[in-house]
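Here's the structure, in structure tokens; my notes come after.
The values are calculated or read from the model by the stated rules, or taken from the named source; none is laboratory data. Nothing here was measured: the structure is a model prediction, and the numbers come from that model. Here the Cβ is made from the backbone with ideal geometry for all residues, glycine too, and neighbour counts use every protein chain on show.
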Amino acid sequence: MTPFVYWLVTNVVHYMVLPVYGKVRVTGLENLPRRGPLIIVSNHLNDADPGVVATRIPRRLVFMTKVELFRVPVLGQLLRLYGAFPVRRGEADLSALRRSNEALRDGLALVLFPEGTRSSREARLGQAWPGAALIALRNRVPIVPVAITGSQHMGMPGMFLRVFRRYEITLRVGEPFFLPMPPRINSESVEAGTRVLMEKVAALLPEEYRGYYGDKQGDEGGARAAQPAPNG
């Protein structure tokens, strides 16, 4: 990826694509560090979310994306040109972890959707994969929680048939934080870190969006195996 390709695509989406389908309101942008390595974690409602985040966060972003999208003709090439990299879901993908570490060492902002999939119209947080916490603990970099609301209505391909309806989307940027450093980075400490970062995202969301990280704070269900969280 070159900076030119990244900013060209981002500006096309910002000024020519998203305005047709959505009106995006951003709050808390003053919380965002403008330089240095950073992990951005967000809930994930729709395929449009990466575009919303990329066009409203004034930093060079790198996205971890499920490997299936890279197998789609044309789309896969575009994703690589944009700077996204693939992750294999359901397994410990060491290549994706390495690419994440490299992006952070280069001082970039790595965007992760820890749920690993879209919640779509349910718009409720699901149980997160622990990859985001693992990457944050290994690299000891700040995390910025982001909460998206409203994009669940932008379902594809239907959204392209409704060009005269603009959806109200809100992007809330929280304050940066560090995960507490445990004596050892193991499955228990990564699980605890995952809960911390997801509760930070949940706190930015309306109550009806909080789902698994609502009042019960994810007490039901067990932990997922430690692996990266794919976007998509």
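For the reader, a short list of remarks on this structure follows.
- Number of residues in the stretch 188-216 that are exposed (fewer than 13 other Cβ atoms within 10 Å of the Cβ), in a helix (DSSP H, G or I) and in contact (Cβ under 8 Å) with a residue 24 or more places away in the chain: the value is 1.
- In the set R138, R99, only one residue is basic (K, R), out of contact with any Asp or Glu (no Cβ under 8 Å at 6 or more places or on another chain) and surrounded by 15 or more Cβ atoms within 10 Å (Cβ to Cβ); that residue is R99.
- Residue in the stretch 33-53 that is modelled with the lowest pLDDT, counting only those that are surrounded by 20 or more Cβ atoms within 10 Å (Cβ to Cβ) and more than 22 Å from R210 (Cβ to Cβ): G51
- Only one of the numbered conditions (1) out of contact with any Leu (no Cβ under 8 Å at 6 or more places or on another chain); (2) surrounded by 12 or more Cβ atoms within 10 Å (Cβ to Cβ) is violated by V72, and that is (2).
- Top-ranked residue of the stretch 12-27 - restricted to ones that are in contact with a helix residue (DSSP H, G or I) (Cβ under 8 Å, 6 or more places away or on another chain) and not β-branched (V, I, T), ranked as nearest to Y82 (Cα to Cα): H14
- Scope the stretch 1-56; condition outside any loop (DSSP other than H, G, I, E, B), polar (S, T, N, Q) and either within 18 Å of the chain's Cα centre (by Cα) or within 21 Å of P145 (Cβ to Cβ) (or both); matching residues: T10, T27, N31, S42, T55
- The number of residues in the stretch 57-67 being in a strand (DSSP E or B) and in contact with a helix residue (DSSP H, G or I) (Cβ under 9 Å, 6 or more places away or on another chain) comes to 5.
- Taken as a whole, the stretch 105-118 holds no residue that is crowded, with 23+ Cβ neighbours inside 10 Å, aliphatic (A, V, I, L, M) and assigned to a helix (DSSP H, G or I).
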